[in-house]
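J.: Mind looking over this structure? Questions follow.
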Amino acid sequence: MSYYELPKLPYSYDALEPYIDAKTVEIHYTKHHQTYLNNLYNILKDHKNIAQGKSIEMLLTDINEIPEAIRQQIISQGGGYANHNLYWSILSPNGGGQPTGKLLQALNDRFGSFNNFKEELGKASIGVFGSGYGWLVIDNDSKEMEIIQTKNQDSPYSINKSPLVVIDVWEHAYYLQYQNRRPDYVDRFFNIINWDEVSRRYDEIMNK
Ligand code: MN3
């Protein structure tokens with residue numbers, strides 16, 4: 001199953017400072033993310049046919065085809081792996097600001113303004129009760145943008161949505177630096193969102 005790999009972090013551990021501290025990035029990536037992948041490997045070890053030729057996104061999209069005995073484990077560990085793949089990829093030390101072009105237009109159309117969008121995604125992320133995520137997604141049927149919350153490691157792919165932006169609000173994502181101040185972490189998260197990458201994803205999803 002060498003096709004499920006830990007994606008290389010596209011920046012150094014300290015690159016996201018002062019918004020996310022180096023120790024948090026290192027532990028989040030080398031321990032939490034890696035552990036989801038390790039656990040996924042262990043589950044699939046005895047079910048090699050399930051993952052044959054399928055990306056993790058495909059596996060989560062067709063989650064009801066997974067045998068019931070291991071379905072929840074795939075949701076948790078496969079979701080944890082996929083959610084973190086996306087999380088690191090949409091962050092950049094050169095991020096922040098606003099997107100441009102079609103994505104900005106779409107955000108303006110859907111949410112009234114970029115600032116309204118920010119406020120709504122922030123509110124949704126801060127408001128997750130317990131561990132989970134705030135997301136900007138595109139519904140695969142309507143192609144409408146939506147802001148949603150998920151719990152634990154549940155994936156938007158499993159509810160027919162394609163993710164654009166993810167804010168991890170598990171405590172492991174911010175506690176070392178922000179302790180209980182989740183709103184501060186979420187607020188500052190917008191300074192490191194890689195809008196070029198999000199725009200690339202937007203075009204890819206809309207052109208599918
Ligand atoms: Mn996490």
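The values are calculated or read from the model by the stated rules, or taken from the named source; none is laboratory data. The shown structure was predicted, so the numbers you read here are calculated from the model rather than taken from an experiment. Cβ coordinates were reconstructed from backbone atoms using ideal geometry, including for glycine residues, and neighbour counts include every protein chain displayed.
J.: Can you go through 189, 117 and tell me which one is aromatic (Phe, Trp, Tyr) and closer than 25 Å to residue 35 by Cα? Steps first, answer last, please.
T.: Values: 117 fails: closer than 25 Å to residue 35 by Cα.
Exactly one of 189, 117 is aromatic (Phe, Trp, Tyr) and closer than 25 Å to residue 35 by Cα, namely 189.
J.: Restricting to region 158-208, count the residues that are among the β-branched types (Val, Ile, Thr) and more than 19 Å from residue 137 (Cβ to Cβ).
T.: Of the residues in region 158-208, 1 are among the β-branched types (Val, Ile, Thr) and more than 19 Å from residue 137 (Cβ to Cβ).
J.: Is it the case, given these coordinates, that residue 185 is of a type in the set (Phe, Trp, Tyr), assigned to a helix (DSSP H, G or I) and within 13 Å of the ligand (Cβ to nearest atom)?
T.: Answer is yes for this residue.
J.: Further question on the same structure: Please work out which one of (1) in contact with a strand residue (DSSP E or B) (Cβ under 9 Å, 6 or more places away or on another chain); (2) loosely packed, with under 15 Cβ neighbours inside 10 Å is the condition residue 102 fails and give its number.
T.: Of (1) in contact with a strand residue (DSSP E or B) (Cβ under 9 Å, 6 or more places away or on another chain); (2) loosely packed, with under 15 Cβ neighbours inside 10 Å, only one is false for residue 102: (1).
J.: Which residue is farthest from residue 155 (Cα to Cα), if the candidates are limited to region 46-62 and must be surrounded by 19 or more Cβ atoms within 10 Å (Cβ to Cβ) and either within 16 Å of the ligand (Cβ to nearest atom) or hydrophobic (A, V, I, L, M, F, W, C) (or both)? Quick ask: steps written out before the conclusion?
T.: Filtering region 46-62 down to residues surrounded by 19 or more Cβ atoms within 10 Å (Cβ to Cβ) leaves 51, 56, 59-61.
Checking the rest, the ones that are also either within 16 Å of the ligand (Cβ to nearest atom) or hydrophobic (A, V, I, L, M, F, W, C) (or both) come to 51, 56, 59-60.
Working: 51: 17, 56: 11, 59: 11, 60: 7 Å.
Across region 46-62, the extreme among qualifying residues is 51.
J.: Let me ask something else about it. Of the conditions (1) more than 14 Å from the ligand (Cβ to nearest atom); (2) in contact with a strand residue (DSSP E or B) (Cβ under 9 Å, 6 or more places away or on another chain), residue 167 fails just one. Which one is it?
T.: (1)
J.: State yes or no: is residue 158 closer than 22 Å to residue 181 by Cβ, touching a residue at least 40 places away in the same chain (Cβ under 8 Å), not acidic (Asp, Glu) and not in a strand (DSSP E or B)?
T.: Criteria not met by residue 158.
J.: Please go through region 166-182 and pick out each residue that is outside any helix (DSSP H, G or I) and out of contact with any Leu (no Cβ under 9 Å at 6 or more places or on another chain).
T.: Start the filter on region 166-182 by keeping residues that are outside any helix (DSSP H, G or I), which leaves 166-170, 174, 179-181.
Those that are outside any helix (DSSP H, G or I) and out of contact with any Leu (no Cβ under 9 Å at 6 or more places or on another chain): 168, 169, 170, 174, 179, 180, 181.
J.: Quick test of your reading of the structure: residue 130 fulfils all but one of (1) within 16 Å of the ligand (Cβ to nearest atom); (2) buried (at least 18 other Cβ atoms within 10 Å of the Cβ). Name the failing condition by number.
T.: Evaluating residue 130 over (1) within 16 Å of the ligand (Cβ to nearest atom); (2) buried (at least 18 other Cβ atoms within 10 Å of the Cβ) leaves (2) as the failure.
J.: In the list 73, 105, which residue meets the criterion of being over 21 Å from residue 162 (Cβ atoms), more than 16 Å from the ligand (Cβ to nearest atom) and in a helix (DSSP H, G or I)?
T.: Every option except 73 fails the conditions.
J.: Another one. Count, please, the residues in region 171-184 that happen to be touching a residue at least 40 places away in the same chain (Cβ under 8 Å), buried (at least 17 other Cβ atoms within 10 Å of the Cβ) and not aliphatic (A, V, I, L, M).
T.: Adding up the residues that qualify gives 3.
J.: Output the residues belonging to region 30-45 that are within 16 Å of the ligand (Cβ to nearest atom) and buried (at least 18 other Cβ atoms within 10 Å of the Cβ).
T.: 33, 36, 37, 40 - these are the residues of region 30-45 that are within 16 Å of the ligand (Cβ to nearest atom) and buried (at least 18 other Cβ atoms within 10 Å of the Cβ).
J.: Among the residues in region 79-93, are any in a helix (DSSP H, G or I), surrounded by fewer than 17 Cβ atoms within 10 Å (Cβ to Cβ) and away from the ligand (no atom under 15 Å from the Cβ)?
T.: No; the residues of region 79-93 include none that is in a helix (DSSP H, G or I), surrounded by fewer than 17 Cβ atoms within 10 Å (Cβ to Cβ) and away from the ligand (no atom under 15 Å from the Cβ).
J.: Here's another thing I want to ask about it. Within region 16-24, can one find any residue that is in contact with an Asp or Glu (Cβ under 7 Å, 6 or more places away or on another chain) and either under 20 Å from residue 184 (Cα atoms) or at pLDDT 95 or above (or both)? Reasoning before the result, please.
T.: First, the residues of region 16-24 that are in contact with an Asp or Glu (Cβ under 7 Å, 6 or more places away or on another chain): 22.
In the following step, the residues that additionally are either under 20 Å from residue 184 (Cα atoms) or at pLDDT 95 or above (or both) were identified as 22.
Yes, there is a match, as at least one residue in region 16-24 is in contact with an Asp or Glu (Cβ under 7 Å, 6 or more places away or on another chain) and either under 20 Å from residue 184 (Cα atoms) or at pLDDT 95 or above (or both).
J.: Hey, any hits in region 106-114 for a residue that's under 21 Å from residue 32 (Cβ atoms) and touching a residue at least 40 places away in the same chain (Cβ under 8 Å)?
T.: no
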